[in-house]
Amino acid sequence: MKVLGIAGSPRRNGNTEILLDEALKGARDSGCEVAKLVINELKIAPCQECGGCEETGVCTVKDDMQKIFEEISKADYIFLASPIFFGSLTAQVKTMIDRFQGWWVARYILKKPHVKEEKNGFFICVGGQERPDFFNNAKMIIKNFFATASIEYVGEFYYPKINEKGEVKKHPTALEDIYNVGKNLCIGRKN
Ligand SMILES: Cc1cc2nc3c(=O)[nH]c(=O)nc-3n(C[C@H](O)[C@H](O)[C@H](O)COP(=O)(O)O)c2cc1C
């Protein structure tokens, strides 16, 4: 089983990336094949609404999105990690999501989705404030994206009131909880 982690924060080794790394560590420890992408380290242009994908479902802008399309296509399970920024996802994550418009066209207009098998997806989120409404807003966007990319939304962790870089390490259960999500993915599986 192939597990992909997508880090959506611009802050390297910040709270969401710490949680993501724990999830991937658990997955690796249970025998999953693991890959990780850090969106902020890739060159991804915002969707230009050029219409280039309307006939084919394929984005015509050539940049590092190709890598993301490839890795998501290969993965069976995806952890997507984003902090809350202004009540929503980071610009990095939203920019990536908008570039899936071609996949939306392929799935809903052309009725030929890019991937046939349903994948599973898990949303990891951290916010500085206690704002469940902000989390629900971010979650709605992730669910919409997952549906477009044939990813079933199978789970989530939201940790509020965590602000400083690395502060999530002080949480009594967060690291262990997310490690166990990863750890339970491949136990007893042969592939
Ligand atoms: C530009 C910016 C906007 C933010 N907006 C919110 C917000 O609307 N609500 C919230 O709860 N936290 C907000 N935060 C706080 C972050 O979600 C919080 O610091 C989080 O721990 C960062 O995770 P990271 O270390 O993975 O980047 C914001 C932080 C930044 C830098």
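Taken as Cα centroids, the stretch 100-121 and the stretch 124-188 sit 24 Å apart, rounded to the nearest whole angstrom. Listed peptides 86-93, 58-65 appear in the order 86-93, 58-65 once ranked by packing, highest mean of other Cβ atoms within 10 Å at the front. Sites listed here are trypsin sites (Lys or Arg not before Pro) in the stretch 79-138 whose DSSP assignment is loop and whose Cβ has at most 14 other Cβ atoms within 10 Å: Lys111, Lys116. Here the label points at Ala35 and Asn137, each 7 Å from Cα along the C-beta direction, are separated by 3.3 nm in the simple model. Entry note, the chain: the mean residue ellipticity at 222 nm calculated from DSSP H runs of n ≥ 4, each adding -39500 (n - 2.57), is -10500 deg cm²/dmol after division by the residues and rounding to the nearest 500. Report the far tail of the P(r) of the chain, meaning the percent of Cα-Cα pairs longer than 30 Å. That tail contains 17 percent of the Cα-Cα pairs. Computed from backbone phi, the HN-Hα couplings of the stretch 112-121 come to 10, x, 5, 10, 8, 7, 5, 9, 10, x Hz, rounded to whole numbers (Karplus: 6.51 cos²θ - 1.76 cosθ + 1.60, θ = phi - 60°; Gly and Pro given as x).
Relative to the Cα centre, what is the charge dipole magnitude of the stretch 2-186, using +1 at the beta carbon of each Lys and Arg, -1 at the beta carbon of each Asp and Glu, and rounding to the nearest 20 debye? Numbers along the way, then the final one.
Numbers: 25 positive and 25 negative charges, 19 e Å.
Its charge dipole is roughly 80 debye.
Between Asn144 and Lys170, the FRET efficiency estimated from the beta carbon spacing at R0 = 45 angstrom works out to 0.85. The amide H of Leu37, built 1.01 Å from its N in the peptide plane, has Gly5, Ile6, Ala7 as neighbours under 5 Å, considering only residues 5 or more places off or on other chains. Cross-link partners for Lys43 among the aspartates and glutamates, with Cα-Cα distance under 20 Å and sequence neighbours closer than 8 places in the same chain left out: Glu17, Asp63, Asp64, Glu70, Glu71, Asp98.
We did not get these values from a lab; they are worked out from the coordinates using the rules stated. Bear in mind that the values here come from a model prediction, so they are computed numbers and not experimental data. Because the Cβ atoms are built from the backbone with ideal geometry, glycine has one as well, and the counts that use them run over all protein chains shown.
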